[in-house]
Each structure stands twice: as C-alpha cells, then as structure tokens.
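Working notes, beginning with the structure itself.
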Amino acid sequence: MGWWSGLARTKRVGAAWYRENGRIGTCVRWDGVVAARIKGRHGTYVVFGSPRALDCTCRARHMPCPHVAAVGAEYEERPERFDELRSSLESLPAAHAFGESVERLLLTNPAPLLEAVERGELGSLPALLAQQHGSVA
C-alpha cells in the first residue's frame, strides 16, 4: 500500500461537506418526488426519488452514499431550494397531462429534465416527455 491509502481514509467526505462547499446544483420537485444534481469528487451525479428513499447515479458500494445524504438533508432543511415544477409548468399548454409523466421521468431518468431546467427551457418539456415516455396528450 502506498502513502495515499492513509490519506484517502482521512479525507472522507460526508454530506455536510457537499452542502457547505456548494456542491449541490439544480434541485427540483414534483409533488412527492425530488431530483438534484450534485458535484462529487469523481464526477457529477443525479440524486432522485422520494425524499425518504433517494437513489444516486454514483457507483458507491454502499447506500446511502454521501450524495444521497446531502440532498436529503438539503431537502429536509431547505425545501424552498427545490424548484416546484408544477407551478413552473402551469403556463404550458396541456400542463394537466404532464403530472404522471414528469413524476415517472424524475423517478427513472431525471438528468434530461434537470438539464432543461438549467437551460431555462421548460417549454421543451412536452417534447422531452414524448421522447422519454411516449406521447403526452
């Protein structure tokens, strides 16, 4: 073992580190489902799911990973930081038809939705939902 093995153990990064260092990016919610982008030490990941059962796209060997813990704590302490998509989408035509599709997208593949929010392109949501899950009436 090299000198770095001891250093790696002393440099453990927990949930507080991600929150204190501004590593949590775009955060959204739709009813009881949340999604957030978080900058990890080895890449940018997406944390998603219900606030009590979050999952992460990182490859941690054990869950919950620190990314899940950080986003969960952020939602618990600062839920207003998570943009409420329902209110943002009300101005779009056929917004009532989005509900189930948005929730399914947040639970299965939230990255494209987070990217649309980051670019300020929520108007592209109907096309995004149609591409991901079939046509939205």
One residue from 29, 37, 52 being exposed (fewer than 14 other Cβ atoms within 10 Å of the Cβ) and either over 10 Å from the mean Cα position of the chain (by Cα) or modelled with pLDDT of 85 or more (or both):
52
In this structure, does residue 45 turn out to be of a type in the set (Ser, Thr, Tyr), at pLDDT 90 or above and not in a helix (DSSP H, G or I)?
yes
Filter region 58-77 for residues that are open to solvent by 70 Å² or more (accessible area, probe 1.4 Å) and either in a helix (DSSP H, G or I) or at pLDDT 95 or above (or both) and give the result.
76, 77
Counting only residues that are modelled with pLDDT of 80 or more and among the acidic types (Asp, Glu), how many does region 78-111 have?
4
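The values are calculated or read from the model by the stated rules, or taken from the named source; none is laboratory data. Remember, predicted model here, so these are calculated numbers, not experimental data. Every residue, glycine among them, receives a Cβ derived from its backbone with ideal geometry; neighbour counts consider all protein chains shown. Note: accessible area is taken over every heavy atom of the protein model, side chains too, but ligands, DNA and RNA are not part of it. Shrake-Rupley method; radii C 1.70, N 1.55, O 1.52, S 1.80 Å.
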